[in-house]
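Heads up, the thing below is written out as structure tokens.
The values are calculated or read from the model by the stated rules, or taken from the named source; none is laboratory data. Being a predicted model, the structure only gives us computed values, none of them experimental. Backbone-built Cβ (ideal geometry, glycine too); neighbour counts: all protein chains shown. Just the protein is used for accessible areas: all its heavy atoms, side chains included, with ligands, DNA and RNA removed. Shrake-Rupley method; radii C 1.70, N 1.55, O 1.52, S 1.80 Å.
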Amino acid sequence: MYNSKIIGLGHYVPENVVTNDDLSKLMETNDEWIQERTGIKERRHVVKGEDTTTTMGVKAAKIAIERAGIDKDDIDFIVFATLSPDYYFPGPGVLVQRDLGIKTVGALDVRNQCSGFVYGISVADQYIKSGMYKNVLVIGSEVHSTGLDMTTRGRGVSVIFGDGAGAAVVSREEDTTKGILSTHLHSEGQHAEELSLIAPGMGKRWVTDIIEENDPNDESYYPYMNGQFVFKNAVVRFSEVIMEGLQMNGLSPSDINMLVPHQANLRISQFVQKKFGLSNDQVYNNIMNYGNTTAASIPIALTEAWEKGKINSGDLVVLAAFGSGFTWGSVIIKW
């Protein structure tokens, strides 16, 4: 029997900082309005031609592999989580394999949006526990900025999202009291359209339809979010899935040394923190600096928390996410 353990972390964000004041020049909004509703002060946007979802993922992965103290050819499998791939197909997993010059290992793309990294970690964990692989590279990377409606019409969504990437090397751990203790995954597809991007899609409206109609008022290819509905569901599901993981391992909220929630909205994180009675030192948030980077948010935050010495050997670390789908999940880790 094996456990899996995160042995290397890395993240990358574009240098281009976009503040709330910058957005106020593009749409009817202001710094106070954005911070009050989301907690976000600034985010990063790629410069077209300089960064893509794949290239950012590669940069984060190189850091994670180096910190893991292994060679790139020790990687047995790649899991890439994103909602914003470079191409409609193929997915970025194979592009990372090519760009890193890794041998012909398998590459899997995960499309679970905000929960993507948690789902990816769960996949890596199970592959390693089964004995199939020893070192799995898990990446979460997103480019939102090039697909947002940067007008007043789209401000409810566009002010929230940013670009960035994070990566983790998950490896075999023979001491089953350490590493990833358990993962917990859920979905509720009846609410799929409440946080979604409908077009282009093969089922209803493909690119040819959009071009033929040429409707300037068509909003189907911009992200849609029923904000209040998403918030109400998020705070419930975050709490449920964190408790599910703790209870399975005979733990309680007071045992948590570090909770790293998906950075969807600072108000959601604060609600969960208060519910579990956690101090500011027990929860890591960085949405104020990066916005919501969906699949990249947890690995970016986890990496930063570790870099700052907020996560140490023996700590109980909890990852939790909720997002489009709806999908949600948690990871319980003995660091």
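Over all directions, average the projected area of the Cα convex hull of the stretch 219-306 and note it in nm².
Computed as one quarter of the Cα hull surface, the answer is 6.6 nm².
Give me the number: length gained by fully extending residue 281 to residue 312, i.e. 0.36 nm times residue separation minus the C-alpha to C-alpha distance, one decimal in nm.
9.9 nm
Treating the beta-carbon of each Lys and Arg as +1 and of each Asp and Glu as -1, no other charges, what is the dipole magnitude of the stretch 1-112 about its Cα centre, to the nearest 20 debye?
Here the stretch 1-112 has a charge dipole of around 340 debye.
Which value, in debye to the nearest 20, describes the size of the charge dipole of the chain about its Cα centre when Lys and Arg Cβ atoms bear +1, Asp and Glu Cβ atoms bear -1, and nothing else is charged?
Approximately 760 debye in magnitude.
How do 42, 15 stack up against each other in accessible area, from largest to smallest, with a 1.4 angstrom probe?
If we order 42, 15 from most to least accessible, we get 15, 42.
Set Lys and Arg Cβ to +1 and Asp and Glu Cβ to -1, take the dipole of the chain about its Cα centre, and tell me which of 249, 280, 97 lies farthest positive.
249
Treating each Cα of the stretch 112-251 as an identical point scatterer and ignoring solvent, apply the Debye formula and state log10 I(q)/I(0) at q = 0.20 Å⁻¹.
One equal scatterer on each Cα of the stretch 112-251 leads to -1.30.
What residues have an amide H closer than 5 Å to that of residue 133, excluding those fewer than 5 places away on the same chain, when H is modeled at 1.01 Å from N in the peptide plane?
128
How high is the FRET efficiency from residue 130 to residue 151, r the C-beta distance, R0 51 Å, rounded to 0.05?
FRET efficiency, residue 130 to residue 151: 0.55.
What does the charge count near residue 207 come to, summing +1 for each Lys or Arg and -1 for each Asp or Glu among other residues with Cβ under 14 Å from its Cβ? Could the numbers behind the result be given before it?
Details: positive: 204, 205; negative: 209, 212, 213, 215, 218.
Here the charged neighbours net out to -3.
Run the dipole for the stretch 175-256 about the Cα centre, Lys and Arg Cβ at +1, Asp and Glu Cβ at -1, nothing else charged, and hand back the magnitude in debye, nearest 20.
Using Cβ point charges on Lys, Arg, Asp and Glu, the stretch 175-256 gives about 380 debye.
Counting other Cβ atoms within 10 Å, which GluC sites (Glu not before Pro) in the stretch 194-230 have at most 16 and lie in a DSSP loop?
Loop-located and lightly packed - 219.
Divide by every residue of the chain the summed helix terms, -39500 (n - 2.57) for each DSSP H run of at least 4, and state the resulting mean residue ellipticity at 222 nm, rounded to the nearest 500 deg cm²/dmol.
Helix contribution divided over all residues of the chain: -10000 deg cm²/dmol.
Below 14 angstrom from the Cβ of residue 308, what's the summed charge of the other residues (Lys, Arg +1; Asp, Glu -1)?
Computed value for this residue: -3.
Using the Kirkwood formula on the Cα atoms of the chain, what hydrodynamic radius do you get, in angstrom to one decimal?
It is 20.0 Å.
Once you have the Cα-Cα distance between residue 62 and residue 192, take 0.36 nm times their residue separation minus that, and quote the gain in nm to one decimal.
Stretched out fully, the residue 62 to residue 192 stretch lengthens by 43.4 nm.
Mind giving me the nanometre distance, one decimal, between the label points for residue 175 and residue 27, set 7 Å out from Cα along Cα→Cβ?
Each label point is offset 7 Å from its Cα along the Cβ direction, giving 4.8 nm.
Which trypsin sites (Lys or Arg not before Pro) in the stretch 193-288 pass both tests, a DSSP loop state and at most 11 other beta-carbon atoms within 10 Å? The partial results should precede the final answer.
Numbers: sites: 204, 205, 232, 237, 267, 274, 275; in loops: 204, 205.
Taking the stretch 193-288 and a limit of 11 other Cβ atoms within 10 Å, the loop trypsin sites (Lys or Arg not before Pro) found are 204.
Scan around residue 106 for amide H atoms under 5 Å from its own, H built in the peptide plane at 1.01 Å from N, and keep only partners 5 or more places away or cross-chain.
Hits under the 5 Å cutoff: 78.
What trypsin sites (Lys or Arg not before Pro) does the stretch 1-100 have in DSSP loop regions with at most 12 other beta carbons within 10 Å? Present the calculation step by step, with values, prior to reporting the outcome.
Numbers: sites: 5, 25, 37, 41, 43, 44, 48, 59, 62, 67, 72, 98; in loops: 25, 41, 48.
Of the trypsin sites (Lys or Arg not before Pro), the ones in loops of the stretch 1-100 whose Cβ has at most 12 other Cβ atoms within 10 Å are 25, 48.
Over the chain, with a Gaussian network built from C-alpha contacts below 10 Å, which listed residue (61, 168, 199) shows the highest mean-square fluctuation?
Of 61, 168, 199, the most mobile in the Gaussian network model is 199.
Taking every DSSP beta bridge that has both residues in the chain, what percent is antiparallel when rounded to the nearest 5?
70
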